[in-house]
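Peer 1: Structure incoming, see below.
Bear in mind that the values in this text are calculations on the coordinates, not laboratory data. This is a predicted model, so every value here is computed, not measured. Here the Cβ positions follow ideal geometry from the backbone for every residue, glycine too, while neighbour counts run over all protein chains shown.
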Amino acid sequence: MYDVAIIGAGINGSSVAYELTEAGLSVVVFDKDGIASGGSGAAGAFISPKFSKSGELKALIDKAFIYSMKFYEENFPHLLTKAPLQHITHEGEKFPLIDAGIVSASAMCHALCSGAKYKQEEISDLVYEDDYWVLNETYSAKYIVIATGAYKHVIREPYIQLRGVWGHRIDVKTSTINDKSLHQFVSISPSKDGIVAIGATHNLDYHPQTSNKPYDIEQGRAELLEKAARTIELKDVEVLKDYMGLRSGSFDYMPLLGRLVLSQATLECCERKVKVKKPDFENFLYYPNLFMINGNGGYGFVLAPYLAKKLCQHIVKGTQLDNALSPARFFARWVKRRK
Ligand SMILES: Cc1cc2nc3c(=O)[nH]c(=O)nc-3n(C[C@H](O)[C@H](O)[C@H](O)COP(=O)(O)OP(=O)(O)OC[C@H]3O[C@@H](n4cnc5c(N)ncnc54)[C@H](O)[C@@H]3O)c2cc1C
């Protein structure tokens, strides 16, 4: 019996595992393919703010950027490379340099999970009985955290729809010395031992679970090198390694953090209360002791430490989660669109 079972060991699940084990809870983490086997293992893991006009998402990412830089620096300094970052608009306007960083993506997920019990197993069956969740008829836990990224959902609710955006990045050997992170058409890391990371593509045509043609790696490499060349001339380039994976994005681009609404039961008890202009999420019925963390788009390594802290505080201390991130917002919209 565990206090918490986390399904998915990407940066979201791993960050939650870290916070909860630090708070003294017994935690088990499940991943069907291995720690950081999804989008997180492919990430360049640049830790940067959002360079765009103001808005709710920018405000959240900027807050998370400051939090996560401090978090990685204090807790995992050996997995963080601090480097100045230069953002350049597509038109060539250069923003002032800022202090930013890059983390070792896979090693970070492993380190964050190290205080929890880890099991490589796909969770396909979740049943709530006698105040506990039973997973695959074998494991039990008081709380469940679903952190399954863009993969098919363990809990099927029609209002939860996430977009998987395929991304490809590469490590290249080059004789050019680059001393800062450059973000323009793609991100280019500073050189380390003659190696520079370039990423990533945003490919909406390819999906590993639904495309009938294999992914064209050569085309992806060519796109990355062509985009990098528009920012910096890299000499004597040799591609050393490819990394590919799915990012998981929501339809309003904000992450999902919080409880999941029981859609059928809520419709049966109180459809009228859902259909009002500004529904009160407290009127909905929820899966007991079950939370989702997902939809971080291209900012998983920036957002996860911050969101995981919020979720841990909610589970341990009962602090409120932000309604703007609640998956319930999609339920309310889905009900309004239904005939
Ligand atoms: C090429 C690329 C470059 C990127 N670059 C950056 C970057 O520079 N900076 C940044 O911040 N972000 C970056 N991102 C985005 C970032 O990687 C994602 O936001 C992040 O990986 C999302 O993490 P996650 O934990 O939600 O999902 P994932 O990492 O996909 O993890 C989900 C996990 O759940 C497991 N799983 C699914 N279903 C089940 C089940 N039923 N049972 C058990 N396990 C299950 C999967 O195997 C998977 O390991 C990049 C992404 C890509 C693809």
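Peer 1: From the alpha carbon gyration tensor of segment 165-246, can you work out the equivalent ellipsoid semi-axes (sqrt of 5 times each eigenvalue) and give them in Å, largest to smallest?
Peer 2: Working: eigenvalues 119, 28, 21 Å².
Each semi-axis is √(5λ); the values are 24, 12, 10 Å.
Peer 1: Quick one: Karplus J couplings for segment 128-137, per residue in order, coefficients 6.51, -1.76, 1.60, θ = phi - 60°, nearest Hz, x for Gly and Pro?
Peer 2: Using θ = phi - 60°, the values come out as 9, 8, 6, 6, 9, 8, 10, 10, 6, 6 Hz.
Peer 1: Next question, about the same structure. If you add up the charges near ALA304, with Lys and Arg at +1 and Asp and Glu at -1, over every other residue whose beta carbon is less than 13 angstrom from its beta carbon, what do you get?
Peer 2: On the way: positive: ARG247, LYS309, LYS310; negative: GLU19.
Surrounding charge for ALA304 is +2.
Peer 1: Next question. Could I have the simple spin-label model distance between LYS317 and LYS336, label points 7 Å from Cα toward Cβ, reported in nm to one decimal?
Peer 2: Going from the LYS317 label point to the LYS336 one covers 3.3 nm.
Peer 1: Over the chain, what is the relative contact order in whole percent, taking alpha-carbon pairs under 8 Å and six or more residues apart?
Peer 2: On the way: 708 pairs, mean separation 74.8, N = 339.
After rounding, I find 22 percent.
Peer 1: What ranking do ILE123, ILE11, ILE66 get, fewest neighbouring Cβ atoms within 10 angstrom at the top? Can you show the working numbers first?
Peer 2: Numbers: ILE123 21, ILE11 32, ILE66 12.
Fewest-to-most ranking of ILE123, ILE11, ILE66: ILE66, ILE123, ILE11.
Peer 1: Among the listed pairs LYS119/LYS317; LYS82/LYS309; LYS32/LYS117; LYS119/LYS241, which have their C-alpha atoms separated by more than 18 angstrom in this model? Don't skip to the end; give the middle numbers.
Peer 2: On the way: LYS119/LYS317 27 Å; LYS82/LYS309 22 Å; LYS32/LYS117 14 Å; LYS119/LYS241 28 Å.
Beyond 18 Å: LYS119/LYS317; LYS82/LYS309; LYS119/LYS241.
Peer 1: If R₀ is 41 angstrom, what is the calculated FRET efficiency for the pair LYS277 and LYS152, using the beta carbon separation as r and rounding to 0.05?
Peer 2: Working: r = 33 Å, r/R0 = 0.82.
The computed FRET efficiency comes out at 0.75.
Peer 1: Something else: What number, in nm² with one decimal, is the all-direction average of the projected area of the convex hull of the alpha-carbon atoms of the chain? Working shown, then result.
Peer 2: Numbers: hull surface 73.7 nm².
Average projection, Cα convex hull of the chain: 18.4 nm².
Peer 1: At 0.36 nm per residue, and after removing the present C-alpha to C-alpha distance, how many nm does the segment from GLU223 to ASP205 gain when stretched out fully? Kindly include the intermediate steps, with their values, before the conclusion.
Peer 2: Details: separation 18, 0.36 × 18 = 6.48 nm, distance 1.44 nm.
My answer for the length gained is 5.0 nm.
Peer 1: Taking the alpha-carbon distance from LYS277 and a cut-off under 19 Å, which lysines remain once sequence neighbours fewer than 8 residues away in the same chain are dropped?
Peer 2: Straight-line reach from LYS277, under 19 Å: LYS336, LYS339.
Peer 1: Next up: Multiplying the sequence separation of GLN161 and LYS94 by 0.36 nm and subtracting their Cα-Cα distance, what value in nm do you get?
Peer 2: Values: separation 67, 0.36 × 67 = 24.12 nm, distance 3.64 nm.
Separation in residues times 0.36 nm, less the Cα-Cα distance, equals 20.5 nm.
Peer 1: If I take R0 = 22 Å and measure r between the Cβ atoms of LYS235 and LYS180 in this structure, what FRET efficiency does the formula 1/(1 + (r/R0)^6) give, to the nearest 0.05?
Peer 2: Numbers: r = 17 Å, r/R0 = 0.79.
Here the calculated transfer efficiency is 0.80.
Peer 1: Of all beta bridges DSSP finds with both residues in the chain, what is the antiparallel percent, to the nearest 5? Before the final figure, lay out the partial values.
Peer 2: Numbers: 44 of 63 bridges.
The answer is about 70 percent antiparallel.
Peer 1: Describe numerically, in nm with one decimal, the distance between label points set 7 Å from Cα along Cα→Cβ at ASP193 and at GLN120.
Peer 2: 2.4
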